[in-house]
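Working notes for the structure below.
The values are calculated or read from the model by the stated rules, or taken from the named source; none is laboratory data. In this text the structure is predicted, and so the values were computed from the model without any measurement. Note that each Cβ is placed from the backbone with ideal geometry, even for glycine, and that neighbours are counted across all protein chains shown.
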Amino acid sequence: MSEKRDMDLTLKIWRQKDAKSAGKLETFQVKNISPDSSFLEMMDVLNEDLVAQNQEPVAFDHDCREGICGTCSLHIQGEAHGPDRAVTTCQLHMRKFKHGETIHIEPWRAKAFPVIKDLIVDRSAFDRIQQAGGFVSIPTSGNTQDANAIPIPKDDADTAFDSATCIGCGACVASCKNASAMLFVAAKVSQFALLPQGKVEAKRRVLHMVKQMDEEGFGNCTNTGACEVECPKEISLENIARMNREYLNASIK
Ligand code: SF4
Ligand code: FES
């Protein structure tokens, strides 16, 4: 049994009809929220109440609810994914809040992530960056080699895996005062840069992905480090240093 009592909360939530409409914060009350429930379960309770009162539920993104898909992107109390560390919004528990607290909930704020409705933003800019080079074109059907046939130093494999844990949530962009996407792009470049399978397209990959990042309207990196602090997968700033080296190498003819 939880040591904390169920909570009554005031929610200040960003409501916006569509991309073209002006938005504003609206105030809601939720009652008897278990501290053991997740933040999205609390949002479900709110929406069930709204539907019961013939009001429109609050639109928010979610899918896996297991910290995998990266869709549950909410700015909570001024922090991407809320006040906990190394968790997504779907993994955030209500025990992080207090009975009677007022919680502000807003969408990601970045020019390259326009609001579609309420708390949902359009993150297709990330998809276009991935499409610009975030892949390998080695044959993967028919005569695929056994993974162990290519020797890779353990440290490189582990570091590449750490980079590959980026779930594309966009918290790095939302936390950055410049709305820079460098941590995301650097993770996607790094996961291939460290492996022999990624060498073939390495130069083209980093040049194309950075070009697409700039075209999407993300800001520049000024090494503040907020992205690393708010990233639910603890993607390291070292990825940005690695991507800068890859970019420099690729730029030298
Ligand atoms: S680097 Fe971290 S914060 Fe940025 S998209 Fe990937 S998982 Fe999300
Ligand atoms: S809903 Fe998939 S990471 Fe939160």
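Here are a few things to note about the model shown:
- The set of residues in the stretch 105-121 that are among the charged types (D, E, K, R) and either touching a helix residue (DSSP H, G or I) at 6+ places or on another chain (Cβ under 9 Å) or exposed (fewer than 14 other Cβ atoms within 10 Å of the Cβ) (or both) comprises 109, 111.
- Remark: pairs (first residue in the stretch 75-88, within 17 Å of residue 108 (Cβ to Cβ); second residue aliphatic (A, V, I, L, M) and within 12 Å of ligand 1 (Cβ to nearest atom); Cβ separation under 8 Å; 6+ apart in sequence or on different chains) = 75/174; 80/171; 80/174; 81/87; 81/171; 88/167.
- Residue 206 vs. criteria crowded, with 17+ Cβ neighbours inside 10 Å and in the same structural domain as residue 237 (by TED's automatic domain parsing): yes
- Any chance residue 106 is farther than 23 Å from residue 171 by Cα and touching a strand residue (DSSP E or B) at 6+ places or on another chain (Cβ under 7 Å): no
- Counting residues in the stretch 211-232 that are within 16 Å of ligand 2 (Cβ to nearest atom) and surrounded by fewer than 19 Cβ atoms within 10 Å (Cβ to Cβ) gives zero.
- Members of the stretch 71-117 that are within 16 Å of ligand 2 (Cβ to nearest atom), under 16 Å from residue 59 (Cα atoms) and not in a strand (DSSP E or B): 71, 72, 73, 74, 89, 90, 107, 108
- Hits in the stretch 9-64 (condition: surrounded by 13 or more Cβ atoms within 10 Å (Cβ to Cβ) and within 16 Å of ligand 1 (Cβ to nearest atom)): 61, 62, 64
- Residues of the stretch 233-250 that are crowded, with 16+ Cβ neighbours inside 10 Å, among the aliphatic types (A, V, I, L, M) and without any contact (Cβ under 8 Å) to a residue 60 or more places away in the chain: 237, 240, 250.
- Looking across 79, 26, 48, 56, one residue alone is out of contact with any helix residue (DSSP H, G or I) (no Cβ under 6 Å at 6 or more places or on another chain), within 27 Å of residue 228 (Cα to Cα), modelled with pLDDT of 95 or more and among the acidic types (Asp, Glu). It is 79.
- When residue 200 is tested against the conditions (1) more than 16 Å from ligand 1 (Cβ to nearest atom); (2) surrounded by 16 or more Cβ atoms within 10 Å (Cβ to Cβ); (3) within 25 Å of residue 147 (Cβ to Cβ), the lone failure is (2).
- Taken as a whole, the stretch 93-104 holds no residue that is surrounded by 15 or more Cβ atoms within 10 Å (Cβ to Cβ) and within 14 Å of ligand 1 (Cβ to nearest atom).
- Those residues of the stretch 39-64 which are within 16 Å of ligand 2 (Cβ to nearest atom), of a type outside the set (A, V, I, L, M, F, W, C) and over 13 Å from residue 120 (Cβ atoms), in sequence order: 41, 44, 47
- Every residue from the stretch 136-162 that is in a loop (DSSP other than H, G, I, E, B), surrounded by 13 or more Cβ atoms within 10 Å (Cβ to Cβ) and free of Cβ contacts under 8 Å to residues at least 60 places away in the same chain: 152
- Considering only residues in the stretch 164-197 that are assigned to a loop (DSSP other than H, G, I, E, B) and among the β-branched types (Val, Ile, Thr), the one that is farthest from residue 151 (Cα to Cα) turns out to be 167.
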